[in-house]
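Derivation of every value follows stated rules applied to the coordinates shown; laboratory data play no part. What you are looking at is a predicted structure, and each value in this text was computed from that prediction instead of being measured. Quick reminder, even Gly has a Cβ in these numbers, built from the backbone with ideal geometry, and neighbours come from all protein chains shown.
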Amino acid sequence: MVTIKNEKIEMEEALKNKIEFICSFCNTTPTIYNGSIKMIEHTNLQYVEPHRIVIKGITFLAFNYENTLYIKNLSNAISLNDLEQYIKSIN
């Protein structure tokens, strides 16, 4: 029988603070959902679910210790430095 173990990951505090700081300049509040690690027991298979940040109805994906955010999926990447300009262009 296959057993999947789900373990929550807390978002790195520095990354969370950066995102909240950038959003404060854009007069918006992010909704942050922590990611997780899904492991199949008795194997070496693991999947890291990224943290989800919802800003103005758009979902961004983030991993701890990275300065890259992904827009909706992992194929559209932007730098954390460009997040403010991107949020302002959504209006």
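So in the range 21-34, with the set limited to residues that are of a type outside the set (Phe, Trp, Tyr) and surrounded by fewer than 16 Cβ atoms within 10 Å (Cβ to Cβ), which one is farthest from Gln85 (Cα to Cα)?
Asn34
Determine, yes or no, whether Ile40 is in contact (Cβ under 8 Å) with a residue 12 or more places away in the chain and over 30 Å from Val2 (Cα atoms).
When the stated conditions are applied, Ile40 does not pass them.
So Lys18 fits all but one of (1) in contact with a strand residue (DSSP E or B) (Cβ under 9 Å, 6 or more places away or on another chain); (2) surrounded by 11 or more Cβ atoms within 10 Å (Cβ to Cβ); what number is the exception?
(1)
Tell me, which residue of the range 51-63 that is free of Cβ contacts under 8 Å to residues at least 24 places away in the same chain and of a type outside the set (A, V, I, L, M, F, W, C) is nearest to Val2 (Cα to Cα)?
Arg52
From Met1, Met11, grab the single residue that is in a loop (DSSP other than H, G, I, E, B) and crowded, with 17+ Cβ neighbours inside 10 Å.
Met11
Quick check on this structure: which one of Ile53, Ile37, Ile87 is touching a Ser or Thr at 6+ places or on another chain (Cβ under 8 Å), in a strand (DSSP E or B) and either surrounded by 10 or more Cβ atoms within 10 Å (Cβ to Cβ) or on the phi > 0 side of the Ramachandran plot (or both)?
Ile53
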